[in-house]
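J.: Below is one structure. I have some questions about it.
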Amino acid sequence: QQSHASKQRLLEVWYKAQALEFAQRRLDYWQDMMAITPKAKSIKVRYFSSRWGSCSSKAELKFNWLLAMAPEFVFDYVVVHEVCHLRHMHHGREFWQMVANYCPDYQQARQWLRDHGYSLVMKPAA
């Protein structure tokens, strides 16, 4: 019989795999849709304690794997947000205009994360 911690680890591995697969699929879609070049060099999922994604100056994208538990429109917003950083490495007017052009409901997604993001948790396996 599997221990609770063992089951928890299996579930975490599954969520991480789901997050990576979905992020890759949506990244491929949005980079093509937005005609972004150069494209992201790498994509990873990991745990962030206070953010949902990141884009490095080397075009490396990272997504919080807990997004696998969020509604699709929220995960999609985070992908669009990070793809926009491939062109604008800031949160200025041009950046937010680009986000709005491709994700008109981005404010709803941001509000969802503010209201419900705390609920996307998984206690670490012992």
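J.: With springs only between Cα atoms under 10 Å, which of 66, 11, 27 fluctuates most in a Gaussian network model of the chain?
T.: 11
J.: While we're here: Given a 10 angstrom Cα cut-off, can you work out which residue in 75, 63, 48 is the most mobile in a GNM of the chain?
T.: Looking only at 75, 63, 48, the largest GNM fluctuation is found for 48.
J.: Exactly which trypsin sites (Lys or Arg not before Pro) in the range 28-60 are in a DSSP loop and have at most 11 other Cβ atoms within 10 Å? Write down the numbers at each step before the final one.
T.: Details: sites: 39, 41, 44, 46, 51, 58; in loops: 39, 41, 51, 58.
Loop-located and lightly packed - 41, 51, 58.
J.: Using mean Cβ contacts within 10 Å as the protection proxy, how do 98-105, 87-94 order, highest first?
T.: Descending mean neighbour count gives 98-105, 87-94.
J.: In the chain, how does Rg compare with the Kirkwood Rh, expressed as the Rg/Rh ratio over alpha carbon atoms?
T.: We get a ratio of 1.01 for the chain.
J.: If each DSSP helix of 4+ residues adds -39,500 (n - 2.57) and the sum is divided by the residues in the chain, what number results at 222 nm, nearest 500 deg cm²/dmol?
T.: Helices in the chain give a 222 nm mean residue ellipticity of -17500 deg cm²/dmol.
J.: Here's something else I'd like to know. Got a number for carbon plus sulfur as a percent of the chain's accessible area, 1.4 Å probe?
T.: 52 percent
The values are calculated or read from the model by the stated rules, or taken from the named source; none is laboratory data. These numbers were taken from a predicted model, which means no experiment stands behind them. When we count neighbours, we look across all protein chains shown, and the Cβ atoms used for this are built from the backbone with ideal geometry, even at glycine. These accessible areas exclude ligands, DNA and RNA; they are computed on the full protein's heavy atoms, side chains included. Shrake-Rupley method; radii C 1.70, N 1.55, O 1.52, S 1.80 Å.
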